[in-house]
1. Scan segment 156-181 residue by residue and report those that are polar (S, T, N, Q) and either touching a His at 6+ places or on another chain (Cβ under 9 Å) or free of Cβ contacts under 8 Å to residues at least 24 places away in the same chain (or both).
2. With respect to Asn628, is the statement that it is at positive phi and in a helix (DSSP H, G or I) true?
3. How many residues does segment 77-87 hold that are within 22 Å of the chain's Cα centre (by Cα) and surrounded by fewer than 22 Cβ atoms within 10 Å (Cβ to Cβ)?
4. Only strands (runs of 3 or more DSSP E) wholly contained in segment 43-160 count here; list those with 1 or more residues that are more than 14 Å from Val578 (Cα to Cα) and of a type in the set (Gly, Ala, Ser).
5. So Glu191 ticks every box in (1) in contact with a helix residue (DSSP H, G or I) (Cβ under 8 Å, 6 or more places away or on another chain); (2) modelled with pLDDT of 95 or more but one. Which box is left unticked?
6. Looking at segment 611-623, is at least one residue out of contact with any Asp or Glu (no Cβ under 9 Å at 6 or more places or on another chain) and under 17 Å from Leu480 (Cβ atoms)?
7. Here are the criteria: (1) crowded, with 24+ Cβ neighbours inside 10 Å; (2) at pLDDT below 95. Tell me which single one Gln141 does not satisfy.
8. Please name all residue pairs, on different chains or six or more residues apart, with Cβ atoms under 9 Å, provided the first residue is in segment 455-469 and is within 19 Å of Asp532 (Cα to Cα) and the second residue is basic (Lys, Arg) and surrounded by 13 or more Cβ atoms within 10 Å (Cβ to Cβ).
Amino acid sequence: MEQQRWTLQDAADLYGVDAWGAGYVAVTPRGTIEVRPTQDPSDAIDLDEVIEGLAERGFTTPVLLRFPDLLRHRLQTIRDAFDTAIADNEYTNTYRGIYPIKVNQSAHLAEAMRTFGKEVGFGLEAGSKPELLAVLGLTAQPGYEQTVVICNGYKDEEYLETAVLATKLGREVVPVIERFRELEHLIAAAEKHGVRPRIGVRCKPSSRGQGRWGASTGERSKFGLSATEMLSLVERLKRHNMLDCLNLLHFHIGSQVPDIRRFKDAVSELARVYVELVRLGAPMGRIDVGGGMGVDYIGSGSARDGSMNYSVAEYASDVVHRIKTVCDEADVPHPEILTESGRAMVAHSSILIFDVFGRTRFTADPDMASVRALIEDPGDNTPQPVADLADAFERLPSTDTADDPAAYLVEIWHDAEGARDDAENLFGYGHLSLTARGAVERLHAAIGRGVMAAAQRLEIEREEFDALPDRFSDLYYANLSIFQSIPDSWAIDQLFPVCPIHRLEERPTRLGTFADLTCDSDGKLDHFPNPDGGPTRRTLPMHEVREGEPYRLAVFMVGAYQEVLGDLHNLFGDTHAVHVQLDDESGWAIEDVVNGDTVREVLEYLQYDVADLREAVRREVERAIRKNVLTPRDGQDFLRHYDDGLDGYTYLEDHPR
């Protein structure tokens, strides 16, 4: 059956670019990937061009690309969605987004969030004492002092006193009470410094979250106050004449919530608690629905983990409508609405680019003419297993048109496995030639790859096929550390979109998985999104690696959590981070470069004294010179090489580019 001509749309469909790209990523006419920071096709940045430009400047992959214009667009999109929902629902208060810096605390991104956040009236959230100190410093510059700062997380006396003193300074800092004992510390600090602080309280909603972060809610949550504790909080504030300080109610349903229905019930419950606090005499004024708004890593638009079945506009509309409905029923003024959806703000804005430096592959498909000649050999040892495997191989192309493709494919695979077993037995008894056994191995591997590809294409899930990717897919060696750059892929099996950034005008002919640079069997990437909503893909379609040419791929939507969670496994440090901005003259420009870690920096971070290491090596070289193992020139060369290594990138640098 003749293959149809490969098109760029085929490439976009195969990798799901239009599905998970959310209008920010597209395939170009020349077969590369471009980023559209404003979702406008005329504002496009070609990733392959950027990497070539960085190579000319001496920077090699892996590299993290950040797109400030895309970040600004995400904030504006969320702002516009809530403004529209407020207008449509005739809501009589406003909206304010809050960025929790725990999502990505890197200084460059936090500074951008401060700057862009001011443009759209957003604030910042600190979840710990160090984060509060960072946020206070970030917003100390003229023009940013009135940034709203929400304080979450466990709080000791020092944390709460810092918040109180910042309030005395004139800053709008709102500590949120999440454990009852925090209230006593806050009251003591307020009375000590003569401050009337703004106080928030976090409740425990009975509505359960969804997915791996669902434990953030419910009775067993470690966060928030129960109904009984909230009543006690109101009474305690009354006794200290501080009930007028209580002005914010907060909750959190979990991170990356895929199903909008979870929000609807939870927000209604939160609004009910809010109106009850007003009835008890608290002035209130703000309701913070926390985080949870997701991003569609898969592109399926479904309620599956890693996806989401709603848009930003639908989320905003539901939040506003639910709060308004409850407040109107209780005749309570509409509060200012806050959300803390950091993932939705920043995930799309960072993309990791890496290259492949090698591959392990199975042999090519067998030469069927040679196989036929072997079958038709008139000798006494006509190899039946070879004939059976050849028959199974030639039946593969008819899978798509079979009445029951799944059963048809299972039968082919069972036949292939049986024939392979027969061949091994015959060879063991001396009844099969080495030539025939070689043909058996090639045919069996070709059938395994074909069955694997067909099962993935047709989204057939059968136990018989589970092990095929491990047995028959190619293994591409990636110049990156999974543990450093995409740790959630390893730690919680999170799916990230992966796609080549060039050669998309070519049909990919291989199916593969990735192994990273670390000496760890968990350092692999072998599960990929299926934008059709079917089972997770166990392999990624890829191209042949050409000798002397780079093969570059990207992992998308890594802006949330990955940088701050990465670790130094095998001493692979931070990658280069490059800020790429739209430019009216050249199309794009490199705004800033944060150099990746050198070996020296990684060692010093782990408290090695690099000078001592270097001196120990120098002494060993001197001993080798005295023993005539090395010449003085050899010693100089070795020390020069050692010094260059200390000051070099922790990743491979001598690959094609």
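1. If the condition is that a residue be polar (S, T, N, Q) and either touching a His at 6+ places or on another chain (Cβ under 9 Å) or free of Cβ contacts under 8 Å to residues at least 24 places away in the same chain (or both), then Thr167 is the only one that fits.
2. no
3. Total meeting the criteria: 1.
4. Here the list reads 95-100, 123-126.
5. That leaves (1) as the condition not met.
6. no
7. (1) is the only condition that Gln141 fails.
8. Close Cβ pairs (under 9 Å, with a partner that is basic (Lys, Arg) and surrounded by 13 or more Cβ atoms within 10 Å (Cβ to Cβ)) amount to Ala455/Arg462; Gln456/Arg537; Gln456/Arg538.
The values are calculated or read from the model by the stated rules, or taken from the named source; none is laboratory data. Keep in mind that this is a model prediction, so the values were computed, not measured. Every residue, glycine among them, receives a Cβ derived from its backbone with ideal geometry; neighbour counts consider all protein chains shown.
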